[in-house]
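These notes are about the structure you will find just below.
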Amino acid sequence: MKKDLGNYRKSYEKSALMEDAISDNPMELFQKWFHEIEKAGSVDEPNAMTISTLGLDGFPKGRIVLLKRYTYEGFIFYTNYSSEKGKAIDNNPKVCLSFFWPAMERQVIIKGTVSKIAENMSDGYFESRPTGSKLGAIASNQSEVIPSRDVLENKLKKLEAQYEQKEISRPANWGGYLVAPISIEFWQGRPNRLHDRIRYTLGEDYNWKIERLAP
Ligand SMILES: Cc1cc2nc3c(=O)[nH]c(=O)nc-3n(C[C@H](O)[C@H](O)[C@H](O)COP(=O)(O)O)c2cc1C
């Protein structure tokens, strides 16, 4: 098979990222960009982000998860703590998050350290989920090899019967992670491949250093 994609080419012209228009704290710039993406309207799941971990096999792996909250402290997502990514994080809590928002020709790359959020916060979020999602989280030992789809669906059916009219509490191995950033790079596509790249790096004094990178 052979397919040449050399002609996929685009000039990026929608916006710019200049030093005089950014704040000292990268979370404020993240918020501004996120709002602009939401306003752009046409973006499906603007909160979908790639989280890359270093696996137990020594290979990096990226996969999409949904950002559910961000604050000055960082970025929160929910998953199964016993999944492949959960095990990778147990072994090495240094991760990378990335967003690609083509509607605004933007990319954000975050390096940070992950920790589990407080159990009562995970409880609160689990509680807010629809019943099907709650039971799905219980039914699926995320990342384990399973013999067939039927096994999963039968398990869900049994759980539906078991929990009918009963409160469904959060499984202990399901919950939130907070990624506390140590660097955040904002990339804005510009014409002639002279893109804007602004990187914030957290210093030992907890101040953010701002630098421009060559595209
Ligand atoms: C749009 C989208 C959203 C997803 N959101 C989540 C999520 O919030 N949490 C999660 O655990 N997996 C989510 N997934 C599934 C993950 O990409 C992945 O398959 C799963 O977490 C297992 O990854 P692992 O085996 O590497 O641990 C999502 C996938 C897609 C495509």
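Cβ separations smaller than 8 Å between residues 6+ apart or across chains give no pair from region 39-55 residues that are at pLDDT below 95 to residues that are of a type in the set (Asp, Glu) and surrounded by 10 or more Cβ atoms within 10 Å (Cβ to Cβ). Of the residues making up region 14-60, those that are away from the ligand (no atom under 16 Å from the Cβ) and more than 26 Å from Lys209 (Cβ to Cβ) are Lys14, Glu38, Lys39, Ala40, Gly41, Ser42. Applying the condition of being exposed (fewer than 15 other Cβ atoms within 10 Å of the Cβ), of a type outside the set (Lys, Arg) and within 11 Å of the ligand (Cβ to nearest atom) to region 61-85 and asking which residue is farthest from Pro102 (Cα to Cα) yields Gly62. Could you say whether any residue in region 19-30 is farther than 28 Å from Lys94 by Cα and surrounded by 15 or more Cβ atoms within 10 Å (Cβ to Cβ)? Among the residues of region 19-30, not one is farther than 28 Å from Lys94 by Cα and surrounded by 15 or more Cβ atoms within 10 Å (Cβ to Cβ), which makes the answer no. Quick one: in region 105-160, of everything that is without any contact (Cβ under 8 Å) to a residue 12 or more places away in the chain and basic (Lys, Arg), which residue is surrounded by the most Cβ atoms within 10 Å (Cβ to Cβ)? Looking at the filtered set, the residue picked out is Arg129. Selection within region 86-96: residues that are of a type outside the set (A, V, I, L, M, F, W, C) and more than 9 Å from the ligand (Cβ to nearest atom). The member of this set that is nearest to Phe30 (Cα to Cα) is Lys94.
The values are calculated or read from the model by the stated rules, or taken from the named source; none is laboratory data. None of these values were measured; they are calculated from a predicted model. Please note: Cβ atoms are built from the backbone with ideal geometry, for glycine as well, and neighbour counts cover all protein chains shown.
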